[in-house]
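First the structure, in the form of C-alpha cells, and then the observations on it.
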Amino acid sequence: MSGQSVLVVEDTDEIRELVATVLRRAGMDVREVASGAACLEEVRRDAPDVVVLDLGLPDADGTEVCRRLRAETDCYVLMLTARAEEVDLLIGLAVGADGYMAKPFSPRELVARVQTMLRRPRTPSAPEAPASPEESVRRLAELEVDPDSREVRVDGAAVDLTRTEFDLLSALVSRPGRVLQRETLLREVWQTDWEGNLRLVEAHMSNLRRKLTAAGLSSPEIRTVRGVGYRLVA
Ligand code: CA
C-alpha cells in the first residue's frame, strides 16, 4: 500500500465520510476529524502528507487553520469551499492552500487532485533534460536548491518554503534565464491546465518571492514577464 496519509477535516458527516471513503478506496491512509482544533491536534501528533480542509468549520475559520498548518507543517492543503466564488477571494487573501475545490465536487476529481499532490515530482522534468539517475544540487549565484532533501539555501542559510513554493522554485531553477509561462508552471506543479488556477500560480509565486527576499536573496531574481509568466535572472 502507498502509506500516504490524508487528514480529512469537515464537520458535515456525509461529506466527510464520502471524501474519506473515496480516498480510502484509492489506497490512501485516511484519518477524519470534524473541527479546526482536532485538525491541529492531529497534525501535531502525526503530520499527514495532505490535509483536505473544509473552509466552514464550527470552531474556527478554515483560512486561520490553513495559516496555522502552514506555520507548523509542510503538508499539502486542499481547501474545500461552499461556493466557487470563494476560491478567487481566498487566493486573493493569500491563505496559502495548495489547491481549492468548490462544493459540490466530483469525488473522482477530488481523488485525482489529492493523487496529483502525492505524486508531484521532486523536480519538474524539463523536456530537453536528459534523464539522469542522480539529481544534484543546483547553485545559482546566492541560491542553492537541493532536489533530494528539498532544501533551499540563500548564502548557505536554509529558507523555509512550502512544498508548492519549492516545486515552483525548482521549475525556475531547472531553466534559468528562460521564460516559464504560468500555464507551464500550472501543468508542471499542479498537473492541471484549468485556467482558473492561473491566479493560484501568481499567489504562490508572490509568497515564494517574499520569502526569498526576506532571506536576503538579491541574485538570482524572479522576474515577472507581464501577462506571460516568470523567469529567473542571475
Ligand atoms: Ca462545513
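The values are calculated or read from the model by the stated rules, or taken from the named source; none is laboratory data. Bear in mind the structure is a predicted one, so any value in this text is a computation, not a measurement. Every residue, glycine as well, gets a Cβ built from its backbone with ideal geometry; the counts of neighbours run over all protein chains shown. For the accessible areas, the whole protein counts, side chains as well, though only heavy atoms, and no ligand, DNA or RNA atoms are used. Shrake-Rupley method; radii C 1.70, N 1.55, O 1.52, S 1.80 Å.
Take the residues in region 1-17 that are outside any loop (DSSP other than H, G, I, E, B) and more than 16 Å from the ligand (Cβ to nearest atom), then tell me which one is surrounded by the fewest Cβ atoms within 10 Å (Cβ to Cβ). If we take residues in region 1-17 being outside any loop (DSSP other than H, G, I, E, B) and more than 16 Å from the ligand (Cβ to nearest atom), then 5 is surrounded by the fewest Cβ atoms within 10 Å (Cβ to Cβ). Taking the numbered list (1) assigned to a strand (DSSP E or B); (2) surrounded by 21 or more Cβ atoms within 10 Å (Cβ to Cβ); (3) without any contact (Cβ under 8 Å) to a residue 60 or more places away in the chain in turn, residue 101 passes all entries but (2).
Looking at 111, 65, 77, 87, just one residue is open to solvent by 10 Å² or more (accessible area, probe 1.4 Å), within 16 Å of the ligand (Cβ to nearest atom) and not in a loop (DSSP other than H, G, I, E, B), and that residue is 87. Being surrounded by fewer than 16 Cβ atoms within 10 Å (Cβ to Cβ), in a helix (DSSP H, G or I) and not assigned by TED's automatic domain parsing to the domain that holds residue 160 holds for only one residue in 71, 20, 94, and it is 71. Pairs under 6 Å by beta carbon, first residue of a type in the set (A, V, I, L, M, F, W, C) in region 21-36, partner in a loop (DSSP other than H, G, I, E, B) and open to solvent by 20 Å² or more (accessible area, probe 1.4 Å), six or more apart or different chains? The qualifying pairs are 28/4; 34/11.
Taking residue 51, is it within 16 Å of the ligand (Cβ to nearest atom), in contact with a strand residue (DSSP E or B) (Cβ under 6 Å, 6 or more places away or on another chain), closer than 17 Å to residue 14 by Cα and modelled with pLDDT of 95 or more? In short, no. Of the candidates 145, 159, 189, 154, the single residue that is of a type in the set (Val, Ile, Thr), modelled with pLDDT of 90 or more and closer than 25 Å to residue 91 by Cβ is 159. The set of residues from region 35-53 being under 18 Å from residue 82 (Cβ atoms) and open to solvent by 10 Å² or more (accessible area, probe 1.4 Å) comprises just one member, 35. Within region 176-201, the only residue that satisfies the criterion of being in a helix (DSSP H, G or I), loosely packed, with under 15 Cβ neighbours inside 10 Å and among the acidic types (Asp, Glu) is 195.
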